[in-house]
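Student: Just dropping this structure here.
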Amino acid sequence: MFLLKAVDLFFQIYLIMLFIRILMSWLPELNEKKWVQFIAFYTDPYLNLFRKIIPPLGMFDLSPIFAILALGLIEHGIKYLILLFLR
């Protein structure tokens, strides 16, 4: 189904963008690059939702782990709803 593949592609791209954003947070000198700013513009609002709920433990920010897990749940939920409505 085209719709399921489109949803899958969207979430794969967004997951890759999240991983890139997480890795780029370790390299602050790259924050001035346009492509990093582009990724940050689309991923930071989502990550900030989890940063508000889950405070860092010392130097470790665990919120991206929960953000990635939630993204997977959201993806599966959307796919389930699509399959439910297409029956």
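Every read-out reported here was derived from the displayed coordinates using simple, explicitly stated rules and does not represent laboratory data. In this text the structure is predicted, and so the values were computed from the model without any measurement. Heads up, the Cβs are rebuilt from the backbone with ideal geometry, glycines too, and the neighbour counts pull from every protein chain shown.
Student: How much length is gained on full extension from Q12 to I68, taking 0.36 nm per residue of separation minus their Cα-Cα distance?
Tutor: Details: separation 56, 0.36 × 56 = 20.16 nm, distance 1.11 nm.
Full extension from Q12 to I68 adds 19.1 nm.
Student: Give the cross-link partners of K5 among the lysines, using a straight C-alpha distance below 26 Å as the criterion and excluding same-chain residues fewer than 8 apart.
Tutor: Cross-link targets: K79.
Student: For the chain, return all DSSP H helices satisfying: extent of Cα atoms along own axis at least 30 Å; mean Kyte-Doolittle hydropathy at least 0.0. Write out the running numbers ahead of the final one.
Tutor: Working: long enough: 2-24 (33 Å, 1.96); 63-85 (33 Å, 1.71).
Length and hydropathy pass: 2-24, 63-85.
Student: Tell me, what is the percent relative contact order of the chain, built from C-alpha pairs under 8 Å that lie six or more residues apart?
Tutor: Details: 43 pairs, mean separation 26.6, N = 87.
For the chain, the relative contact order is 31 percent.
Student: Where nothing but the Cβ of Lys and Arg (+1) and of Asp and Glu (-1) is charged, how large is the charge dipole of the chain around its Cα centre, in debye to the nearest 20?
Tutor: Working: 8 positive and 6 negative charges, 52 e Å.
The dipole of the chain has a size of about 240 debye.
Student: For a quick check of your reading of the filter: which GluC sites (Glu not before Pro) in region 6-87 sit in a DSSP loop and have no more than 13 other Cβ atoms within 10 Å? It would help to have the intermediate numbers written out before the result.
Tutor: Working: sites: E29, E32, E75; in loops: none.
Passing sites in region 6-87 do not exist.
Student: With a/c under 1.5 counting as rounded, go ahead and sort the chain into rounded, prolate or oblate using the C-alpha gyration tensor (a ≥ b ≥ c being the square roots of the eigenvalues; past the cut-off, prolate if a/b is larger than b/c, else oblate).
Tutor: Numbers: a/c = 3.39, a/b = 1.70, b/c = 2.00.
Cα axes put the chain in the oblate bin.
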